[in-house]
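The values are calculated or read from the model by the stated rules, or taken from the named source; none is laboratory data. Keep in mind that what you see is a predicted model, and the values were worked out from it rather than measured. Here the Cβ is made from the backbone with ideal geometry for all residues, glycine too, and neighbour counts use every protein chain on show.
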Amino acid sequence: MNNELFQQAKTAMGARDYNRAYDLFMQCLNDPENPPAPGEVGLIYHQAGNCLVKLKSYYEAIEAYTKSTADSEYDAVGTVNCNLGMAYAALRDWVNAVKHFEIAVSDRNYPTPYKAYMGMGNALLKQGKSAEAGVAFREAALDESNPDPTKALLNLGVCFMALNRPADAVASYESALQFDMSSDTRNKLYASLGQAYVATGQMDQAVAAFERAIADKTYFLSDSASVDYQRAIGAISQGNSENTQSLPAIDMSGLDVLSDSPAVSVEHEAYVVDNQAVSGDYYFADQYAHQGDPMNNADYFFEASDQELEQWSRGVVKLERKRRGVGLKILVVIILLLLAALGAGLYLYLQGYGYPTQEAMVERLFQDPSSSDVYVDGLSEKDIQDASSLIEPGSTIVVDGVSRGTTASTAYVTATTPEGGKVTYEVDLVRNLIGWKVSNVDLYFASQHSSAESSDQQSQGSVSEGASAAGQDSAAASTSAGSASAESASAGSASAESASSEAASSASAS
């Protein structure tokens with residue numbers, strides 16, 4: 001890269017001329033005669049992002065830092081991601097801020113992880129996650145590279161107060177008093193300690209702490225701290241110096257909470273430009289209202305393992321959900337949805353539906369008639385060949401209808417051959433788990449089915465006609481028999497008449 005331009009940019013940044021520094025970094029990046037090598041690209045974008053943060057152009061800074069992380073040869077992953085987290089925090093995008101702070105602390109080569117832990121704790125507090133924020137502040141306080149753990153301990157105390165654990169907050173604040181700090185920080189610390197004493201009912205210690213906070217007359221108690229101060233004085237005057245009081249309204253400002261127009265600091269551990277260019281702290285200024293359940297051991301945050309703290313933090317969230325009844329409601333809704341889905345699935349199964357559907361299997365059959373995947377298991381190769389031989393390759397199909405059943409179905413298909421001819425098929429399918437597979441393929445001729453029906457009807461008509469003819473023959477036979485009887489009777493009458501005449505004639509002759 002163009003080292004002359006890069007040095008000019010560094011000089012401008014050291015002089016806090018961030019606009020000129022940014023322009024020079026961009027010229028260095030886009031110099032066609034001296035293009036930057038891998039690793040140098042990430043460095044330039046990193047420094048350009050620092051300039052943009054100083055100019056409060058946070059969106060552009062995020063873009064520059066992101067391009068810096070894209071350079072795999074640049075070895076300042078932790079530093080750049082910490083700066084990304086701070087830029088997102090300045091935009092109050094707490095979720096993305098936490099994401100990049102976590103990436104930063106995961107970089108084993110990152111020399112000052114306490115900075116990312118501090119930023120992470122602040123962003124988590126903004127989301128109301130006091131327990132998780134306490135874990136982050138604890139890590140920041142225990143980090144050996146942290147030259148001033150006071151801020152981390154003070155904010156850890158803020159987390160304990162938010163979790164309704166004033167005794168642990170007292171321990172955290174008293175630990176912080178062991179370190180050197182500015183008078184402003186010490187006054188703030190004593191005021192916070194006084195509120196923690198009031199919450200634990202130690203009124204004598206509370207008054208002493210409040211008086212230490214305002215002793216030099218340069219610090220003024222917040223409204224909530226003033227109320228606690230008066231409460232402690234009133235308790236002592238009534239002889240209740242050790243009376244446990246209800247938890248007061250807590251001053252949650254801490255030391256590291258961001259105002260609406262923050263001076264966000266950026267890091268320069270890798271490829272330092274000028275240490276004087278790093279100014280200000282990562283401040284917040286809002287109240288926190290998240291309340292949680294206390295842990296049992298007062299020293300737990302300092303002695304527990306990371307895994308135990310993570311498990312406990314998750315337990316706080318679970319308990320909070322149970323307190324609101326959200327967990328039970330979600331469980332009931334999930335069970336009802338599962339039952340409804342199961343009932344709908346059973347109904348569709350009994351109605352002959354499945355996945356894949358009959359139509360889908362028929363389409364797959366005509367796309368590849370010889371594929372054994374579409375046929376039911378156990379079908380012989382000869383049967384598969386016979387079925388596939390009936391299908392004209394390249395045909396397009398239309399499924400005319402499906403006769404659905406729970407375990408067996410029949411699909412009626414019209415296929416159009418590449419030559420334009422139409423062939424109809426009858427495809428039998430059987431159930432395969434929740435789907436379908438082909439069991440048989442036949443040509444379907446509507447005329448044959450119509451002829452068969454007509455033959456059945458004609459056979460039934462012939463039987464009826466035969467029965468009718470038999471009835472008529474029986475009736476005719478009866479008629480003939482009757483006629484014969486009549487004729488016999490007539491003959492008998494004639495014979496009788498003849499005999500009578502002959503007898504009469506004999507009598508006359510005598």
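Go through (1) in contact with a helix residue (DSSP H, G or I) (Cβ under 7 Å, 6 or more places away or on another chain); (2) in a helix (DSSP H, G or I); (3) charged (D, E, K, R) for GLU363 and report which single condition fails.
Checking GLU363 against (1) in contact with a helix residue (DSSP H, G or I) (Cβ under 7 Å, 6 or more places away or on another chain); (2) in a helix (DSSP H, G or I); (3) charged (D, E, K, R), the one that fails is (1).
Could you list, ordered by first residue, the pairs with Cβ atoms under 7 Å in which the first is in the stretch 371-387 and exposed (fewer than 15 other Cβ atoms within 10 Å of the Cβ) and the second is in a helix (DSSP H, G or I) and charged (D, E, K, R), at least 6 apart or interchain?
Within 7 Å, no pair qualifies.
When you go through (1) part of a helix (DSSP H, G or I); (2) under 20 Å from GLU63 (Cα atoms) one by one for PRO36, which number turns out not to apply?
(1)
Evaluate the following for VAL413: is it assigned by TED's automatic domain parsing to the domain that holds VAL362, within 13 Å of MET361 (Cα to Cα) and either assigned to a helix (DSSP H, G or I) or under 40 Å from the mean Cα position of the chain (by Cα) (or both)?
no
If you check every pair at least six apart or on different chains, which have Cβ atoms under 9 Å apart with a residue in the stretch 136-147 that is in contact (Cβ under 8 Å) with a residue 24 or more places away in the chain first and a residue that is surrounded by fewer than 19 Cβ atoms within 10 Å (Cβ to Cβ) and acidic (Asp, Glu) second?
GLU139/ASP306
What residue, of ASP93, ASP17, ASP71, is over 30 Å from GLU132 (Cα atoms), among the acidic types (Asp, Glu) and out of contact with any Asp or Glu (no Cβ under 9 Å at 6 or more places or on another chain)?
ASP17
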